[in-house]
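**Student:** One structure, as structure tokens, below. Some questions next.
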Amino acid sequence: MQEEIEIQSEDSLHEVPENYTRYLIFSMNDESFAIRSDLVTEIANDFQIYLLPFVPSYVCGLINQQGNPFVVVDPMVMMKQKAQNSNMLIIINNNEQTNDVAENLCIKISDILDFFDIRQEDLLELKDEKDGVCFSATLDWNGKMVNVIDYIKILEKMKKDFCMEEKKLQ
């Protein structure tokens, strides 16, 4: 009977309080970032990345995850910073379940730091496009301001850049 109580209390630690959203805090190089945890399908390590020709430099290649191709992106390179020396990936949940490879996205990361619950009204929305090509907001994580990755912005930039690459090849 005590075992059941311990399991119930352990489960309650994992529940997100009402009016809060859980974020996964992770690092890329030495900087901390966040993404909504409900967008994360899997955190993976050591997938073989298949290189692709004629793609923007921030596209690392493709992985095969359960028979589905996923584009691997290094947001640090997208932000014109040093590429990450890591094989850890966050596989983004594609609710649309389209067969468009460009919709299947992985973000290259360095390390997992924390799961953090925050009220949506405590996020600082970024309105200015120059604030980050792949950020939607910032949040205060233990006294440190952390940029929140917006995977839709990454997909939009990829599609735009892939169109530009295609025009260069013609």
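The values are calculated or read from the model by the stated rules, or taken from the named source; none is laboratory data. Please read these numbers as outputs of a predicted model, since none were measured by experiment. A quick note on method: Cβ atoms are made from the backbone with ideal geometry, for glycine too, and the neighbour counts reach across all protein chains shown. In case anyone asks, the SASA skips ligands and DNA or RNA and just uses the protein heavy atoms, side chains included. Shrake-Rupley method; radii C 1.70, N 1.55, O 1.52, S 1.80 Å.
**Student:** Could you check ALA83 against (1) within 24 Å of PHE115 (Cα to Cα); (2) modelled with pLDDT of 95 or more and say which number it fails?
**Tutor:** Among (1) within 24 Å of PHE115 (Cα to Cα); (2) modelled with pLDDT of 95 or more, the lone unmet condition for ALA83 is (1).
**Student:** Looking only at residues in region 22-35 that are out of contact with any strand residue (DSSP E or B) (no Cβ under 6 Å at 6 or more places or on another chain) and on the phi < 0 side of the Ramachandran plot, which one is surrounded by the most Cβ atoms within 10 Å (Cβ to Cβ)?
**Tutor:** Across region 22-35, the extreme among qualifying residues is GLU31.
**Student:** Can you find a residue in region 41-60 that is at pLDDT 90 or above, part of a strand (DSSP E or B), of a type in the set (A, V, I, L, M, F, W, C) and surrounded by fewer than 18 Cβ atoms within 10 Å (Cβ to Cβ)? Spell out how you get there, then give the answer.
**Tutor:** Taking region 41-60 and keeping what is at pLDDT 90 or above, we get 41-45, 47-53, 55-60.
Among the residues that remain, those that are also part of a strand (DSSP E or B) are: 41-45, 50, 59-60.
If we keep only those that are of a type in the set (A, V, I, L, M, F, W, C) as well, we get 43-44, 59-60.
Now restrict to residues that are surrounded by fewer than 18 Cβ atoms within 10 Å (Cβ to Cβ): 43-44.
There is at least one residue in region 41-60 that is at pLDDT 90 or above, part of a strand (DSSP E or B), of a type in the set (A, V, I, L, M, F, W, C) and surrounded by fewer than 18 Cβ atoms within 10 Å (Cβ to Cβ).
**Student:** Cβ-Cβ below 6 Å, separation at least six or inter-chain, first residue in region 132-161 and in contact (Cβ under 8 Å) with a residue 40 or more places away in the chain and open to solvent by 10 Å² or more (accessible area, probe 1.4 Å), second in a loop (DSSP other than H, G, I, E, B) and among the aliphatic types (A, V, I, L, M): which pairs?
**Tutor:** LYS157/VAL133
**Student:** Separate question: For GLU103, state whether it is open to solvent by 30 Å² or more (accessible area, probe 1.4 Å), in contact with a helix residue (DSSP H, G or I) (Cβ under 8 Å, 6 or more places away or on another chain) and at pLDDT below 90.
**Tutor:** Here the answer is yes, as GLU103 does meet what is asked.
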